[in-house]
Amino acid sequence: MFTWLLVTLGVAFLAALFPLLSVEIYTVGLVLKHPEIPWWLIGLVIAVGQFGGKLVYYYAGRGHVRLPQFLHRKATAATSAADLAKPPPQGWRRYWHRVWMWVRGAWFWLRDKCHAHPYWMLGALACSSLVGLPPFAATAVLAGLAGLSLRSFALGVIPGRFLRFSLIAASPMMVKHWHWHWHWLHWLHIHLPFISH
């Protein structure tokens, strides 16, 4: 069991760094393969691993890790003028260009708002860590940009991730339990039809 918990910690850490990896699917597979591992322990291990992985994003927001170039606002008026001089894209590229410009504008608006109100960020971070909206990776970066303390970052991430993955880990047993109750109610309805009236 200890070995699987260490593997789970590693998977959670890597999935936090590379959001294309699905720790949710891994969690369900782990529970089905090893039902003897307590669901709350799986949730706790994944929460710690996810927190560790998202620290990279948090420190990127604080400036300790370099962000990708597309997340930086263009600094000079010359580059902005050069961008304005470019002809607009045509066809389907025009649509995706508009979507990208909207997303980029929303990113900078949210970044400025979070920087102006750091504790507003805590609620957004907790919501993101629980349900995944706004996107968790972006919210972790914004928490660093907003100057949220490491303690507040942990307070926003760990409980939400623990609750999310504890529920996912417990879900196969809940479905099995509901399935058993459904068969029991179906048997009662067939053999004792007066109960349904």
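The values are calculated or read from the model by the stated rules, or taken from the named source; none is laboratory data. Nothing here was measured: the structure is a model prediction, and the numbers come from that model. Here Cβ is always computed from backbone atoms with ideal geometry, including for glycine, and neighbour counts include all displayed protein chains. Ligands, DNA and RNA are stripped out before the accessible areas are found, and what is left, the full protein with its side chains, is counted by its heavy atoms. Shrake-Rupley method; radii C 1.70, N 1.55, O 1.52, S 1.80 Å.
Things worth noting here:
- Checked against (1) of a type in the set (A, V, I, L, M); (2) at pLDDT below 90; (3) open to solvent by less than 40 Å² (accessible area, probe 1.4 Å), Ile46 meets all criteria but (2).
- Scan of the stretch 5-43 for residues that are aromatic (Phe, Trp, Tyr), surrounded by fewer than 16 Cβ atoms within 10 Å (Cβ to Cβ) and free of Cβ contacts under 8 Å to residues at least 40 places away in the same chain, ordered by number: Phe18
- Taken over the stretch 95-116, the criterion of being surrounded by fewer than 13 Cβ atoms within 10 Å (Cβ to Cβ) and closer than 25 Å to Arg164 by Cβ is satisfied by Val103, Ala106.
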